[in-house]
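Remarks on the structure that follows.
The values are calculated or read from the model by the stated rules, or taken from the named source; none is laboratory data. All of these numbers come straight from a predicted model, not from anything done at the bench. Ideal geometry is used to build each Cβ from the backbone, glycine not excepted, and the neighbour counts take in all protein chains shown.
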Amino acid sequence: MKKSVPVWILLLFVLSVSCTTTKIENKGTESFVPPVSYEKAGEKADSLMALMTLDEKLEMIGGFERFYIKGIKRFNLPDIYLSDATQGVHIRRTQDGSLLGGTIEKSTAFPCPISLAATWNPALANDYAKSIGEECRAGGVAVLLGPGMNNYRISQCGRNFEYFGEDPFLAARMVEKYVIGVESTGTISTLKHFIGNNTEFMRRRSNSIISERELHEINMPAFEAGVNAGAMAVMTAYNLVDGEWCGQSTFVIDTLLRHYLGYKWLVMTDWNSVWDGEKVIKSGQDLEMPSGKAIANAKELLDSGKVSIDDINGMVKKILQTCFAMNVYNRPQSDPELLSKFPEHEQTALDVAREAIVLLKNSGNILPIDTTKDQHILVTGKFAELLARGRGSASVEGYDTVNMMDALKEVFGQQVEYVEHPDDAAIKNADLVILSTGTDDSESWDRPFALPASEEDNIMRIVNTNPNTIVIVNSGGGIKMTDWSDKAAAIVYAWYPGQNGNIALAEVLSGKTNPSGKLPISIEKKFEDSPGYPYLPAGEKLFSGRPGDREFSYPVYDIHYNEGVFVGYRWYDSKNIAPLFPFGYGLSYTTFEYDNLDITPENFNDGDNVTVSFEVKNTGNKAGAETAQIYVNDEESSVPRPEKELKGFKKIMLQPGETKTVEVVLNKRSFAFWDTKTHNWLEEPGAFKILVGSSSRDISLTGEVTLD
Ligand code: BGC
């Protein structure tokens with residue numbers, strides 16, 4: 001484990017004490033404004049704290065009963081319930097079976113967040129999150145423990161399904177809408193896990209060593225966007241950053257989060273993730289969850305002068321101020337009227353699934369399948385009868401769940417037949433085979449990029465036996481498809497679809513829905529190609545299931561983020577490695593053409609906006625949606641910069657033959673990199689290429705703009 005703190009971190013710490021907050025430009029047009037202002041809520045907190053005993057304060061800064069912030073009866077402050085997570089409300093029960101938090105027995109299982117990113121539709125992120133916020137309010141959840149947004153660095157990470165993919169710009173645009181959606185319902189939204197939690201393998205023993213540029217350019221922008229959108233809680237990560245656990249790191253909390261991102265509300269630890277009471281109290285942390293185990297020695301620390309009452313008061317104040325600002329104390333904890341909104345939430349879940357499915361391959365236009373034809377479609381594989389879903393704290397059971405077979409029968413009727421273990425003859429005789437595969441991803445462990453050998457063998461056998469095989473992948477991230485992708489007739493990436501997302505899958509297969517999802521990740525040919533490889537300690541292998549006590553007996557090990565800012569497609573571009581499927585890629589049943597690129601002004605000054613406009617035409621004979629992507633390349637730079645970086649996108653619906661003009665405004669941040677000399681964003685004069693296309697590797701239009 002690295003012991004010494006790098007000089008730049010010390011320097012940043014000094015700067016954080018002496019400078020004003022960095023100018024922030026990573027921002028959408030709106031942000032959430034709480035019902036009670038920060039100042040007013042602060043005054044209320046001060047008044048109450050003047051009456052609180054030390055014991056009451058100490059009880060408040062450590063959670064209780066796993067998911068609560070303790071209230072104070074004599075002041076009529078109720079206990080505050082916190083619950084997971086980004087893809088819906090995790091219904092929890094006590095040991096005697098009663099519901100934690102109160103009233104809702106069920107919650108909607110939404111498609112997983114990485115699939116939300118695959119929609120490239122921020123408006124959907126708002127609707128999705130608003131629905132979850134309403135279910136929180138219905139169920140007495142005052143604080144949603146989401147959105148999760150650690151960037152996709154390693155395809156094997158067990159929690160990729162909970163996050164928004166590899167690109168900081170795409171993630172930022174989705175997260176800001178997510179935060180506004182949740183908080184518009186009066187539910188506090190928690191950005192997690194701050195920061196550098198990019199693996200689940202021994203996460204409490206992982207010391208992420210990340211360069212300053214990578215932190216600011218890759219890891220933090222989604223958090224920054226969430227902060228700017230008005231998120232009122234942040235959860236620190238399990239891992240260490242530069243030798244200290246995030247939940248007790250002054251650098252992480254005070255410098256990165258509070259100083260650089262200008263965050264002012266509540267910070268909480270992840271569950272059982274801090275160990276040293278003095279450090280926790282001194283770091284800027286406000287709340288230890290799920291109990292105050294590490295800070296149990298707070299009184300001794302106070303007596304010995306190692307921490308002061310001001311430190312404790314600072315923590316209590318943030319909790320109270322956040323809760324007062326959102327009015328969570330003086331309203332009924334549950335709002336049963338919102339139960340009537342469940343049908344709307346189901347509809348939103350379905351709408352997201354429709355736009356999230358990514359068509360990766362469609363040889364000879366085998367898709368869509370003609371529903372009227374007399375044909376035999378054999379369905380087999382892992383998730384045909386079992387709903388694929390991500391597990392861990394993000395788990396949501398859902399209700400009235402629709403598995404793949406249910407949905408296919410509804411659309412294809414007698415044409416489809418499920419066979420658990422089809423022999424070669426059955427496979428050969430089928431007109432089409434729909435083969436389901438994928439992975440069971442979860443918090444607490446990483447899973448291999450390659451499918452188990454028996455699963456690979458089965459896929460190979462089927463695609464080799466019947467050339468009309470359509471493979472459906474349900475997974476939370478990339479899987480190895482290299483050996484069979486050229487043999488499968490079609491590949492459909494359907495992620496974890498949520499309770500009714502298989503309906504959308506059947507619609508895509510039958511052509512009722514024209515697929516429009518695009519990959520929010522690059523899918524490598526082999527894991528060794530990827531920027532995160534290798535990340536396991538020498539000699540270690542992935543394990544399956546929770547590490548349990550093994551994790552605590554394990555030494556802390558360093559993970560060097562040697563790729564720097566070259567994450568995802570930035571990496572594959574710089575190394576000249578072709579991924580199997582590139583970032584931003586996804587097919588449609590129609591075709592699009594790009595034309596007439598116009599960039600104004602051609603020469604601009606530092607801080608000016610640049611408007612990029614172009615036309616997109618639907619050249620096929622089906623209505624469809626296209627996500628146009630705008631990448632920027634700095635042609636002359638004093639530091640190594642990626643070949644292209646996503647800086648804008650727009651999803652547009654086009655009727656056959658229709659043309660629309662797309663306009664995207666680029667701002668200072670679109671051209672800047674994080675300068676480690678000034679510790680700020682810097683735009684360097686010179687020429688920038690503007691690349692417009694339908695994926696990171698399918699650029700149709702190229703222009704240039706110059707910063708004078
Ligand atoms: C997870 C958090 C989650 C918490 C509470 C932890 O294991 O890392 O994301 O919010 O549990 O369920």
If I filter segment 453-481 down to residues being within 24 Å of residue 163 (Cβ to Cβ) and in a loop (DSSP other than H, G, I, E, B), which single residue comes out as farthest from the ligand (Cβ to nearest atom)?
481
Of these, 399, 418, which one is touching a helix residue (DSSP H, G or I) at 6+ places or on another chain (Cβ under 6 Å) and of a type in the set (Ser, Thr, Tyr)?
418
When segment 283-297 is checked residue by residue, the ones that are buried (at least 24 other Cβ atoms within 10 Å of the Cβ) and either among the hydroxyl-bearing types (Ser, Thr, Tyr) or more than 16 Å from the ligand (Cβ to nearest atom) (or both) are 283, 284, 295
Among the residues listed as 138, 142, the single one being in contact (Cβ under 8 Å) with a residue 12 or more places away in the chain, of a type in the set (A, V, I, L, M) and more than 16 Å from the ligand (Cβ to nearest atom):
138
Contacts under 8 angstrom Cβ, first residue in segment 414-434 being closer than 17 Å to residue 457 by Cα, partner among the charged types (D, E, K, R) and modelled with pLDDT of 95 or more, 6 or more apart:
424/461; 427/461
Scan 441, 486, 431 and give me the residue that is more than 21 Å from residue 364 (Cβ to Cβ) and among the charged types (D, E, K, R).
441
Would you confirm whether any residue within segment 441-452 is in a helix (DSSP H, G or I), in contact with a strand residue (DSSP E or B) (Cβ under 9 Å, 6 or more places away or on another chain), farther than 26 Å from residue 507 by Cα and modelled with pLDDT of 95 or more?
no
Which is part of a helix (DSSP H, G or I), under 24 Å from residue 178 (Cα atoms) and either within 16 Å of the ligand (Cβ to nearest atom) or out of contact with any Ser or Thr (no Cβ under 8 Å at 6 or more places or on another chain) (or both), of 85, 117, 45?
117
Name the one entry in 280, 252, 267 that is away from the ligand (no atom under 16 Å from the Cβ) and farther than 23 Å from residue 445 by Cα.
280
In segment 53-82, what count of residues is obtained for those that are within 16 Å of the ligand (Cβ to nearest atom) and aliphatic (A, V, I, L, M)?
3
For segment 145-203, name all the residues that are away from the ligand (no atom under 14 Å from the Cβ) and among the hydroxyl-bearing types (Ser, Thr, Tyr).
152, 155, 178, 184, 185, 187
Could you list, in sequence order, the residues of segment 92-109 that are within 16 Å of the ligand (Cβ to nearest atom) and either buried (at least 24 other Cβ atoms within 10 Å of the Cβ) or part of a loop (DSSP other than H, G, I, E, B) (or both)?
92, 94, 100, 101, 107
Inside segment 421-440, can you point out the residues that are farther than 22 Å from residue 506 by Cβ and either crowded, with 22+ Cβ neighbours inside 10 Å or within 16 Å of the ligand (Cβ to nearest atom) (or both)?
none
Kindly indicate which of 373, 409 is in a helix (DSSP H, G or I) and either over 30 Å from residue 82 (Cβ atoms) or acidic (Asp, Glu) (or both).
409
Of all the residues that make up segment 212-249, how many are closer than 19 Å to residue 86 by Cβ, within 16 Å of the ligand (Cβ to nearest atom) and of a type in the set (A, V, I, L, M, F, W, C)?
9
Which listed residue, of 152, 178, is touching a helix residue (DSSP H, G or I) at 6+ places or on another chain (Cβ under 6 Å), modelled with pLDDT of 95 or more and within 22 Å of residue 440 (Cβ to Cβ):
152
Just give me the residues in segment 306-334 being at pLDDT below 95 and in contact with a Lys or Arg (Cβ under 8 Å, 6 or more places away or on another chain), in sequence order.
334
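Here is a yes/no grid of residues against (1) exposed (fewer than 12 other Cβ atoms within 10 Å of the Cβ); (2) more than 24 Å from residue 493 (Cβ to Cβ); (3) touching an Asp or Glu at 6+ places or on another chain (Cβ under 8 Å); (4) in contact (Cβ under 8 Å) with a residue 60 or more places away in the chain:
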{"residue": "528", "(1), (2), (3), (4)": "yes, no, no, no"}
{"residue": "547", "(1), (2), (3), (4)": "no, yes, no, yes"}
{"residue": "555", "(1), (2), (3), (4)": "yes, yes, no, yes"}
{"residue": "570", "(1), (2), (3), (4)": "no, no, yes, yes"}
{"residue": "586", "(1), (2), (3), (4)": "no, no, no, yes"}
For segment 181-197, pairs from a residue that is within 14 Å of residue 229 (Cα to Cα) to a residue that is away from the ligand (no atom under 12 Å from the Cβ) and at pLDDT below 95, with Cβ under 9 Å and 6 or more apart or across chains, are none
Mind checking whether some residue in segment 146-153 is charged (D, E, K, R), assigned to a strand (DSSP E or B), touching a Gly at 6+ places or on another chain (Cβ under 6 Å) and crowded, with 24+ Cβ neighbours inside 10 Å?
no
Residues being surrounded by fewer than 15 Cβ atoms within 10 Å (Cβ to Cβ) and assigned to a helix (DSSP H, G or I) - total across segment 300-313:
4
Inside segment 599-632, the number of residues satisfying the requirement of being in a strand (DSSP E or B) and touching a residue at least 24 places away in the same chain (Cβ under 8 Å) is 21
Quick check on segment 258-291: of everything there that is part of a loop (DSSP other than H, G, I, E, B) and among the acidic types (Asp, Glu), which residue is nearest to residue 146 (Cα to Cα)?
270
Please tell me if residue 696 is farther than 18 Å from residue 601 by Cβ, buried (at least 20 other Cβ atoms within 10 Å of the Cβ) and among the polar types (S, T, N, Q).
yes
